[in-house]
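Just below is one structure, and these are the notes that go with it.
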Amino acid sequence: MPNTAISVSDLSKKYDDRLAVSHINFEVPLGTVCGFVGPNGSGKTTTMRMLLGLITPTTGQGHILGEPIEHPEKYLSRVGAMIEGPAFYPALSGYENLMVLAKLGGFPIERVQQLLDKVGLGDRGKSKFKTYSLGMKQRLGIAAALLPEPKLLMLDEPTNGLDPEGIQEVRALLRDLANEGTTVFVSSHLLSELEIISDYIVMLRKGEIVFAGPIGELMAQQQPTIIAKSLLHSDLARIVEISEKAGHHAVIRNDSVHVLAEMDWAPVLNKAAFDAGITLAQLAPQLPNLEETFFEMTGDK
Amino acid sequence: MFNVVKAELRKLRRPTLFFGTIGAAIFFTGLITSFIYLMIDSPQGNGDRGRSISREILELASGSVNGFASVGGFLGIIALCVFAAQTAQEYTYGTLRNLLVRQPSRMKILIGKFISMSLFAVVMISIAAVISIAISYFLAPGAKVSTDLWFTSDGFEAIFTTFVNVTISVVAFGIVGMVLGLLLRSPISAISLGVLWILIIEVLLMAVKNSLQSWLPGAQLSAIASGGTLDLTYKHALTVGGLYVAVGAIVASVLFVRRDVAN
Ligand SMILES: Nc1ncnc2c1ncn2[C@@H]1O[C@H](COP(=O)(O)OP(=O)(O)O)[C@@H](O)[C@H]1O
Ligand SMILES: [Mg+2]
């Protein structure tokens, strides 16, 4: 038994003439919750589709639970998935929709009601899918993914359209599943939705990996930043100038200057600003904020 | 594969779909069968496209299934719609990805779908057969048609043969529907193209050039249902129709197995 749930090497997918996923490499260890994050259009769904045998990669290899992705029949019975939002037959009830998949997979039909209860749809199982709210549809999608009691669960943006409470519930559910030994590979375009529950992060930007590893490493990668505010807004550009002259990259963001520097350079900046006749209203280290790192790593620079 | 069939049957037994389809089949069966007996003396004819079906023909051992055989073409169109919709909707609803995650063998999905829809078609055909024969039996005395030969052993053989022919025809129409559904990936386009082709384009083409009827797919499949027509032999219809269906099915399934599922 391998100790990686997912491993891919040099995996690419070309649509028309563009690489939607470009030569990516990463591994997800068994038993972890892995957040798969990147802005919209960065290739998360495309990657997941390749891992499930729905689309053929243009280059590269992948292994799921030790089996090559060219042979999805060897591993899919141990995998649950919801890709690109919940898709069901609108005229069938939630219960009937799950029954279709339970029959197809040959799973015990008692699981259908159990899972509806588990995701909080126990009393709405008889209603038609088309009458469900987006949150209920997402939960039915998660229930469907849980039908095979999966070793590996792949969920594509399961918190899309959920209210904060719903997001909390999904997080709690995923954490529970992980504690029971399920490997969870879950995508989102927001790192903040996943950072609390993820042990592992794979970050995509325009089809390329910008980070893959334990979440602790991502925190450690965070650049130390000083945030400076001046009394006069017009002085911000001069603070940037002073910082850049001293060799520290600086940008104006939200009425303040973000300077890439350790906190011990702050007194130097303070003095330089004072000498230039600028009064600083605030000078503080940036608190650890993965979201900031995320936008820096995945945004357009 | 057995699991695919069971899963598909759950979709087909949806009340609106099931009773809607069977209801339409019963309606056409009743209409066309009654027409033959109630209009038997009409100068406009009592069969399709103004043909006359005489008392002498109806009194033969095969008389009981004249109505049923004429309904075959309509049942075929109903099957085309159902097969097309049930196949193409997997694309429009995005549910194909769920099916393929649970059963990655795409060929098994296709064959399982085909088997379950064919079972559905056989149920529809059986109901139509019973209703058509019953209506014929009850209307025959009023139309002064003798039913003496209908339930002899020759009569039962005719019923059996017609049932087999209608089933071949209807299932073949269904395959055409599946092929259109797989190629066009939209129920509306698949159904409109299929129905438009069979009910309008082929009819126009044949009106322009009658000899075309030996080569048009819809005409072949309809002719199979009635065991051949005056202009089309059964063997010819089976060969040419079978060829169309086989080529279509092979092209569509190769495409289905290879094509990315990216919606
Ligand atoms: N079927 C498709 N045909 C063409 N381009 C596609 C298709 N699916 C996705 N793409 C493109 O591939 C890129 C990645 O898309 P996707 O994997 O859906 O990103 P994400 O899930 O991260 O939002 C996007 O630029 C998207 O437009
Ligand atoms: Mg996506």
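Every number in this text was worked out from the coordinates using simple rules, so none of it is lab data. The structure presented is a predicted model; accordingly, all values stated were derived computationally and were not measured. Neighbour counts are summed over all protein chains in view; Cβ atoms, including those assigned to glycine, are modelled from backbone coordinates with ideal geometry.
Around A:Ile167, what is the net charge, scoring Lys/Arg as +1 and Asp/Glu as -1 over all other residues with Cβ under 13 Å from its Cβ? Could the numbers behind the result be given before it?
On the way: positive: A:Arg139, A:Arg171, A:Arg175; negative: A:Glu157, A:Asp163, A:Glu165, A:Glu169, A:Glu193, A:Glu195.
So the surrounding residues net to -3.
If neighbour count is taken as other Cβ atoms inside 10 Å, put B:Glu157, B:Glu90 in order from fewest to most.
Working: B:Glu157 12, B:Glu90 24.
Ranking B:Glu157, B:Glu90 by Cβ neighbours within 10 Å, fewest first, gives B:Glu157, B:Glu90.
Count the lysine pairs in the stretch B:2-191 that are 8 or more places apart or on different chains: how many have C-alpha atoms under 21 angstrom apart?
The number of close lysine pairs in the stretch B:2-191 is 4.
Please give the direction-averaged projected area of the C-alpha convex hull for the stretch A:4-220, in square nanometres with one decimal.
For the Cα atoms of the stretch A:4-220, the hull's average projected area reads 11.4 nm².
What fraction of the DSSP beta bridges in the protein assembly as shown is antiparallel, stated in percent and rounded to the nearest 5?
That works out to approximately 65 percent antiparallel.
Please name whichever of A:Ala143, B:Gln103, B:Ser62 sits farthest to the positive end of the charge dipole of the protein assembly as shown, dipole taken about the Cα centre and charges placed at Cβ: Lys and Arg +1, Asp and Glu -1.
Among A:Ala143, B:Gln103, B:Ser62, the one farthest towards the positive end of the dipole of the protein assembly as shown is B:Ser62.
Counting alpha carbon pairs within less than 8 Å and at least 6 residues apart, what relative contact order, in whole percent, applies to the stretch B:1-131?
Contact order relative to length: 40 percent.
Please give me the summed charge of the neighbours of B:Gly241: other residues whose Cβ is under 13 Å from its Cβ, Lys and Arg +1, Asp and Glu -1.
Numbers: positive: B:Lys235; negative: B:Glu202.
Neighbourhood net charge equals 0.
Just flag the trypsin sites (Lys or Arg not before Pro) in the stretch A:95-131 sitting in loop per DSSP whose Cβ has no more than 12 other Cβ atoms within 10 Å.
Listed in order of number, the matching sites are A:Lys126.
Mind checking which aspartates and glutamates have their C-alpha under 16 Å from A:Lys14, skipping anything on the same chain fewer than 8 residues away?
A:Glu208, B:Asp260
Could you work out, residue by residue across B:7-16, how many beta carbons of other chains sit within 10 Å of that residue's beta carbon, and then give the average as an integer?
Partner-chain Cβ atoms within 10 Å, mean over residues of B:7-16: 4.
Two-decimal Rg/Rh of the protein assembly as shown from alpha-carbon positions, Kirkwood Rh?
When Rh is taken as the Kirkwood radius, the ratio is 1.18.
Which lysines does A:Lys151 reach when only Cα atoms under 21 Å apart count, and residues fewer than 8 places away in its own chain are ignored?
By straight Cα distance, A:Lys151 reaches A:Lys44, A:Lys74, A:Lys103, A:Lys118.
How would you rank B:Leu230, B:Leu183, going from fewest to most other Cβ atoms within 10 Å of each one's own Cβ?
Going from sparsest to densest Cβ surroundings: B:Leu230, B:Leu183.
Can you pull the mean other chain C-beta count within 10 Å for peptide A:102-108?
6
Fewest first, what order do B:Leu100, B:Leu205 take by the number of other Cβ atoms within 10 Å?
With the fewest neighbours first, B:Leu100, B:Leu205 line up as B:Leu205, B:Leu100.
Could you work out the relative contact order of chain B, using alpha carbon pairs under 8 angstrom and six or more residues apart, expressed as a whole percent?
Averaging sequence separation for qualifying contacts and normalising by length gives 26 percent for chain B.
About its Cα centre, what dipole magnitude does chain A give when the only charges are +1 on Lys and Arg Cβ and -1 on Asp and Glu Cβ, stated in debye to the nearest 20? Can you show the working numbers first?
Working: 27 positive and 36 negative charges, 169 e Å.
Computed about the Cα centre, the dipole is about 820 debye.
Relative to the longest principal axis of the C-alpha atoms of chain A, give the angle of the C-alpha long axis of helix A:236-245, reported between 0 and 90° and rounded to the nearest 10°.
For helix A:236-245, the angle is close to 80 degrees.
Counting pairs of alpha carbon atoms under 8 Å apart in space and at least six apart in sequence, what relative contact order in percent does the stretch A:51-187 give?
27 percent
Using the Cα centre as the reference, give the magnitude of the dipole from point charges on the C-beta atoms of chain B (Lys, Arg: +1; Asp, Glu: -1; all else neutral), rounded to the nearest 20 debye.
Details: 19 positive and 12 negative charges, 272 e Å.
For chain B, the charge dipole is close to 1300 debye.
Roughly how crowded by other chains is peptide A:93-99, in terms of the mean Cβ count from those chains within 10 Å of each of its Cβ atoms?
Rounded to a whole number, the mean comes out at 2.
Which angle between 0 and 90 degrees, to the nearest 10, do you get for helix B:234-258 versus the longest principal axis of chain B when only C-alpha atoms count?
Taking the Cα atoms of chain B, the angle to B:234-258 is about 20 degrees.
Count the net charge of all other residues whose Cβ sits under 11 Å from the Cβ of A:Pro285, scoring Lys and Arg as +1 and Asp and Glu as -1. List each step's numbers first, then the result.
Values: positive: none; negative: A:Glu262, A:Asp264.
Cβ neighbours under 11 Å give a net charge of -2.
Which value results when the Cα radius of gyration for the stretch A:228-285 is divided by 2.2 N^0.38 Å?
Normalised Cα radius of gyration, the stretch A:228-285: 0.95.
Rounded to the nearest 0.05, what FRET efficiency do A:Lys118 and B:Val203 have when you use their Cβ-Cβ distance and R0 = 51 Å? Show your work: numbers first, answer last.
Working: r = 56 Å, r/R0 = 1.10.
Result of the calculation: an efficiency of 0.35.
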